[in-house]
Amino acid sequence: MESDGLLSTVVEIVTKASDSAATGMASGAAAIVVDLVRRRLTRSPEGRTALAQVDESPQEPASVDSLRSVLARELEGDDAFRAQLTAAVAGPPPAHQPSSIAHSVVLGSGNKLGRSQISLGPLTINNTRAARTSLLVSAVVLAALLSFVGYMLADTFSSGESADVSNQEICNQATPLRAQVADTDTATYAAHIGEWRNVVDLTMRASDARLARYGRFADQHYRNLGNYYIPLSNIIDYSCGGDASGITDIPAAR
């Protein structure tokens with residue numbers, strides 16, 4: 001996809017996601033695009049400002065232009081980031097359709113099922129109940145292993161982001177949000193959920209290891225919460241005043 005086309009598509013996805021924050025944001029490939037953009041833009045003050053503007057007024061031309069300008073600078077000269085967005089926009093490839101199915105054994109090209117044997121490429125297995133059960137168990141174990149490896153790789157890459165955000169910067173970003181949502185209804189929380197997610201993204205990158213750990217915990221458990229006052233207050237109390245009472249006894253967060 002050409003750079004201009006990619007930029008326009010990504011900006012449209014992000015603005016539409018911000019416009020539908022009250023209904024749960026984007027899903028599938030669009031959610032991956034939004035997550036990539038938010039994680040990238042929260043690294044700079046200009047990016048955080050652009051995200052806050054588009055969250056507040058996603059249909060405002062000035063907000064869209066600001067997001068486009070900042071995102072264009074991030075894409076310029078960064079082939080890896082461009083490739084990530086291109087892949088996310090394209091979505092996963094279509095699932096392969098098997099050639100045939102017999103007795104719940106999927107057969108592709110070069111594979112055969114006979115009355116007494118199952119041939120899978122160079123491998124031949126006796127076609128018995130025990131053999132079929134063994135194949136099924138092996139497939140389940142392999143699927144679980146691949147899923148675990150994928151999760152670990154994703155966690156490694158996400159935790160590899162630079163930890164360069166000071167407690168004071170997080171305090172400055174989070175404090176105004178608490179004043180906006182305190183003693184309000186769920187609609188108000190939903191209207192400001194983009195700002196809350198910006199706070200969570202910043203907290204995960206805190207140079208303070210304890211605060212960053214709580215940021216990852218908040219990302220796992222509170223990112224899409226309808227009322228996020230308590231985790232927001234915990235972040236403010238610690239980043240602004242050093243009060244760790246709200247973030248000490250949390251489960252291990254990767």
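The values are calculated or read from the model by the stated rules, or taken from the named source; none is laboratory data. These numbers come from a predicted model, not from an experiment. Note that each Cβ is placed from the backbone with ideal geometry, even for glycine, and that neighbours are counted across all protein chains shown.
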Residue, nearest to Asn172 (Cα to Cα), within segment 224-240, restricted to residues that are of a type in the set (Gly, Ala, Ser) and modelled with pLDDT of 90 or more | Ser239
Within segment 206-246, residues being surrounded by fewer than 21 Cβ atoms within 10 Å (Cβ to Cβ), among the polar types (S, T, N, Q) and within 14 Å of Pro176 (Cα to Cα) number 1
Can you confirm whether segment 62-69 contains a residue that is more than 15 Å from the chain's Cα centre (by Cα) and modelled with pLDDT under 85?
-> no
Filter result for Thr203 (surrounded by 20 or more Cβ atoms within 10 Å (Cβ to Cβ), in contact (Cβ under 8 Å) with a residue 24 or more places away in the chain and of a type in the set (Ser, Thr, Tyr)) | yes
Tally of residues being free of Cβ contacts under 8 Å to residues at least 60 places away in the same chain and in a helix (DSSP H, G or I) across segment 227-244 = 8
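Here's the yes/no breakdown for (1) outside the structural domain of Leu177 (by TED's automatic domain parsing); (2) at pLDDT 90 or above:
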residue: Ala190; (1), (2): no, no
residue: Gly194; (1), (2): no, yes
residue: Tyr214; (1), (2): no, yes
residue: Phe217; (1), (2): no, yes
residue: Tyr222; (1), (2): no, no
residue: Pro251; (1), (2): yes, no
